[in-house]
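Comments concern the structure below.
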Amino acid sequence: MKPAQENDPVLLIGPRNKRFIVYLKAGDQLHTHMGIIAHDAIIGKPLGREILSHLKKPFLVLEPSADDLIVQLPRKGQIVYPKEAGFALLRMNIHSGKRVIEAGTGCGGFTLAISRSVAPEGRVYSYEIRPDMQAVAKKNLEKLGLDSWVEFKIRDIAEGFDETDVDAVFLDLRTPWDFLAQVQDALKPGGFFGSLLPTTNQVSRLVQSLEHNNFADTEVLEILQRNYKPVPDRLRPTDVMVGHTGYLVFSRKISRNNIGVSTADYQEEALS
Ligand SMILES: C[S@@+](CC[C@H](N)C(=O)[O-])C[C@H]1O[C@@H](n2cnc3c(N)ncnc32)[C@H](O)[C@@H]1O
């Protein structure tokens with residue numbers, strides 16, 4: 001494995017699972033309450049090993065996963081968490097070569113996940129109404145060298161998207177139902193729509209609007225993640241659980257052929 005180089009992101013895990021992402025820079029230091037670690041002690045050396053801080057506290061030095069990078073992103077607002085981001089990528093068939101629109105960019109949590117998936121052939125078109133938010137996202141993506149696959153745009157998406165025939169559109173904003181006409185114009189036939197919403201009343205409103213805007217195969221779901229303390233002889237869940245992040249809604253763009261079929265015809269039979 002190639003040794004750690006300047007500008008590489010590195011994950012440091014100290015006592016009690018305290019996790020830090022650092023971007024290596026000759027002469028820099030990471031200051032923690034468990035001691036100081038000089039970046040020079042990491043640069044030019046292999047990852048996957050342990051080092052000691054100046055207080056002789058142990059730290060693991062590892063290559064960070066996308067999960068670590070997203071959770072530790074410098075941010076100003078809410079992000080799409082890895083449990084939702086990972087599933088959304090698979091559910092919307094986002095992989096190398098795909099063209100994907102997202103809004104809003106926010107601090108770039110989901111942009112990070114999509115750009116890594118569509119590279120090197122595909123493209124992310126990321127729309128945001130607030131320049132200050134997108135500036136944070138841009139910086140976050142640049143540090144990881146992922147900005148080459150992203151076109152950042154400052155715009156209220158009520159004005160529409162520049163792209164057509166894209167493979168997927170993901171809306172992570174408060175009122176996605178207001179923008180379904182714009183989503184229809186941008187998506188290819190059969191293209192994927194996805195959204196993340198914090199409350200059930202928002203979900204109801206979106207599902208209702210999808211039905212009236214030529215979308216089909218709508219799915220609503222919630223992902224619960226329960227972590228366990230990895231202690232073999234006392235294996236049990238951790239004391240605290242993230243109770244709620246958001247609901248995911250997925251759907252597909254279709255053209256109705258006036259053959260007398262409605263959305264309800266595709267839905268599972270109700271048991272009660
Ligand atoms: C929850 S944050 C997005 C977080 C982002 N997906 C992430 O993972 O970091 C919602 C963002 O949508 C933006 N937004 C809200 N309405 C918008 C609109 N009409 N057009 C473009 N962006 C909008 C907000 O400014 C905010 O930054």
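The values are calculated or read from the model by the stated rules, or taken from the named source; none is laboratory data. Everything numeric in this text was worked out from a predicted model, so none of it was measured. Don't worry about glycine lacking a Cβ; one is built from the backbone with ideal geometry, like all the others, and counts go over all protein chains shown. Only protein heavy atoms, including side chains, enter the accessible area calculation; ligands, DNA and RNA are left aside. Shrake-Rupley method; radii C 1.70, N 1.55, O 1.52, S 1.80 Å.
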In the stretch 152-167, which residues are on the phi < 0 side of the Ramachandran plot and more than 14 Å from the ligand (Cβ to nearest atom)?
-> GLU163, THR164, VAL166, ASP167
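I'd like the full set of residues that are within 10 Å of the ligand (Cβ to nearest atom) and of a type outside the set (A, V, I, L, M, F, W, C), limited to the stretch 97-130. Can you show your working first?
Initial filter on the stretch 97-130 (within 10 Å of the ligand (Cβ to nearest atom)): 102-114, 126-130.
Correct list: GLU102, GLY104, THR105, GLY106, GLY108, GLY109, THR111, SER126, TYR127, GLU128, ARG130.
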Report whether or not ILE157 is open to solvent by 50 Å² or more (accessible area, probe 1.4 Å), over 12 Å from the mean Cα position of the chain (by Cα) and farther than 30 Å from ARG19 by Cα.
-> no
Say whether the condition of being of a type in the set (Phe, Trp, Tyr), surrounded by fewer than 19 Cβ atoms within 10 Å (Cβ to Cβ) and at negative phi is met by at least one residue in the stretch 85-106.
-> yes
